[in-house]
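Only one structure is covered here, and it is reproduced in the block below.
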Amino acid sequence: MFRDHKLLFEAITHKSFHHEHCGKAPVYNERLEFLGDAVIGLIVVEYLFLLKQTCSESELAKMKSYFVCEAVLADIAASISLGSVLLLGKGEEATGGRTKKSILSDALEALVGAIFLDGGFEITRTLVQNFFRDRVDAIIKTGDFFDYKTALQEKTQLLYGVLPEYRLIRQQGADHRRVFTVSVYLNGEELGTASGQRKKEAESYAAKIALEKLAGQAGRT
């Protein structure tokens, strides 16, 4: 429970609400978001460092980037129904702001920042570890944290001196259930095609297929 309820109010106040009700909400959550981003990053890095003591710095960096990305933070925010208590302006409310990944992830960071100021580091560490533990353990087992696009770029530059090209093949479905299909090409040759609910997700899956194809070609030479 918060000792300083003003911090909690600030954490759940979006700037759109502040702009419409500046008397009632003189501050909004972007400063707390800035603080919370740093606090979450530290706690996640510490957890990964102690959990995966054989990992290199670059591997830890890739895992950290995955776990503190907008999609993961928004998923955590949705799991605690954070969107339902946010203070939003009429425009954001009307356009589905309570489920927007950017707003949810920012609000989670702000909430963590407020908890850090109100309760201190140990309480915040326990909370953040509880948020991330199951996700970290599950993803580390599958290896899905790996940055396939960066790995493909590095590989093609090293082997061929060129960058891969991603092409949006098609997008289907309603706005809230859009499916993107992307192909990745190298020197005009298609190396992989995949689909995802976000364009970046489809690109990542396509890059993974391309890496597997290149590895297979190398194995035959």
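What number of residues within segment 110-142 satisfy the criterion of being of a type in the set (S, T, N, Q) and more than 19 Å from the chain's Cα centre (by Cα)?
2
Filter segment 131-176 for residues that are at pLDDT 90 or above and assigned by TED's automatic domain parsing to the domain that holds GLU59 and give the result.
Listed by number, the residues that qualify are PHE131, PHE132, ARG133.
Given the criterion buried (at least 21 other Cβ atoms within 10 Å of the Cβ) and either assigned by TED's automatic domain parsing to the domain that holds LEU42 or within 30 Å of LEU214 (Cβ to Cβ) (or both), identify the matching residue among LEU117, LEU86.
LEU86
Of the residues that sit in segment 56-74 and are modelled with pLDDT of 85 or more and not in a helix (DSSP H, G or I), which one is surrounded by the most Cβ atoms within 10 Å (Cβ to Cβ)?
Ranking the candidates gives VAL68 first.
A quick yes/no check of all residues on (1) hydrophobic (A, V, I, L, M, F, W, C); (2) surrounded by 13 or more Cβ atoms within 10 Å (Cβ to Cβ); (3) touching a residue at least 12 places away in the same chain (Cβ under 8 Å):
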position	(1), (2), (3)
ALA151	yes, yes, yes
LEU163	yes, no, no
ASN187	no, no, yes
ALA194	yes, yes, yes
GLN197	no, yes, yes
GLU203	no, yes, yes
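Exactly one condition in (1) under 15 Å from the mean Cα position of the chain (by Cα); (2) under 17 Å from LEU104 (Cβ atoms) is false for LYS64; which is it?
Here LYS64 clears every test but (2).
The values are calculated or read from the model by the stated rules, or taken from the named source; none is laboratory data. The structure displayed is predicted, hence computed values, not measured ones. Counting neighbours? That spans all protein chains shown, and the Cβs are built from the backbone with ideal geometry, glycine included.
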